[in-house]
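Taken together, the values in this text are just the output of simple stated rules run on the coordinates, not laboratory data. None of these values were measured; they are calculated from a predicted model. No Cβ is skipped: glycine too gets one built from the backbone with ideal geometry, and neighbour counts run over all protein chains shown.
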Amino acid sequence: LTLQCAFRRILACRAREKRLREQREYTELMERLQREAFIAMVKKEQEEAERERQKEEEKRKKQREIQQRKKRMLEAAFDGDEEEMKAVLKEVSDLDTKNGVGTDEKGKATRLCNHINMVECTDANGNTP
């Protein structure tokens, strides 16, 4: 009877140690998975912020280019330089082609609208070409 009691106690201690070890391993696994998930989430947010920053930078770059073309158009109109004005309008047309604006009715309307926007630009004093 005493031997059986001692044997059961040994088995109970081993089972307890096994449960504690499994619980510790499970806790470590969960902590590691949480860290990995957090790192992945932070990385995803950083990539998203980088894409957004690049979009904004591209948008600002396009606006700068448009403003530079308008400035060139205004200066050419002020100087009476028809060749430069034609060159600016050709740049606008080439840019439309590069951006995939078609030659169908909708594309022609878009191209015409872009040309009109370039021709009807004004400077800070309200001067037009």
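Could you point to the residue in 15, 37, 26 farthest towards the positive end of the chain's charge dipole, with +1 and -1 charges on the Cβ of Lys/Arg and Asp/Glu respectively?
15
Would you be so kind as to identify which of 92, 3, 118 lies farthest towards the positive end of the dipole of the chain, taking Lys and Arg as +1 and Asp and Glu as -1 on Cβ and the Cα centre as origin?
Of the candidates, 3 comes out farthest on the positive side.
Using a simple charge model, +1 on the beta-carbon of Lys and Arg, -1 on the beta-carbon of Asp and Glu, nothing else, what dipole does the range 52-106 show about its Cα centre, in debye to the nearest 20?
Charge dipole of the range 52-106: 400 debye, to the nearest 20.
How high is the FRET efficiency from residue 65 to residue 41, r the C-beta distance, R0 35 Å, rounded to 0.05?
Calculated transfer efficiency: 0.45.
Working out 0.36 nm times the residue gap between residue 75 and residue 110, then minus their Cα-Cα distance, what length gain in nm do you get to one decimal?
That pair, residue 75 and residue 110, stretches by 10.1 nm at full extension.
With mean projected area of the Cα convex hull in nm² in mind, check (1) 15.1; (2) 12.0; (3) 8.5 and report the label derived from this structure.
Step by step, mean projected area of the Cα convex hull in nm² for this structure corresponds to label (1).
Based on DSSP H runs of at least 4 residues, each adding -39500 (n - 2.57), what is the mean residue ellipticity at 222 nm of the chain after dividing by all its residues, to the nearest 500 deg cm²/dmol?
-31500 deg cm²/dmol
Would you mind computing, in nm to one decimal, how far apart the modelled labels at residue 48 and residue 32 are, each placed 7 Å from Cα along Cα→Cβ?
2.8
May I ask you to derive the relative contact order of the chain, considering only C-alpha pairs under 8 Å and at least 6 residues apart, and to give it as an integer percent?
Working: 45 pairs, mean separation 25.2, N = 129.
Computed value for the chain: 20 percent relative contact order.
Excluding residues fewer than 8 places away in the same chain, name every one of the lysines whose C-alpha is closer than 27 Å to that of residue 86.
Candidates past the 8-residue exclusion: 59, 61, 62, 70, 71, 98, 106, 108.
Taking the Cα centre of the chain as origin and charging only Cβ (+1 Lys, Arg; -1 Asp, Glu), how large is the dipole, in debye to the nearest 20? Could the numbers behind the result be given before it?
Values: 30 positive and 28 negative charges, 363 e Å.
With only Lys, Arg, Asp and Glu charged at Cβ, the dipole is about 1740 debye.
Among 66, 39, which comes first, then next, by fewest other beta-carbon atoms within 10 Å?
On the way: 66 16, 39 10.
Ascending number of Cβ neighbours within 10 Å: 39, 66.
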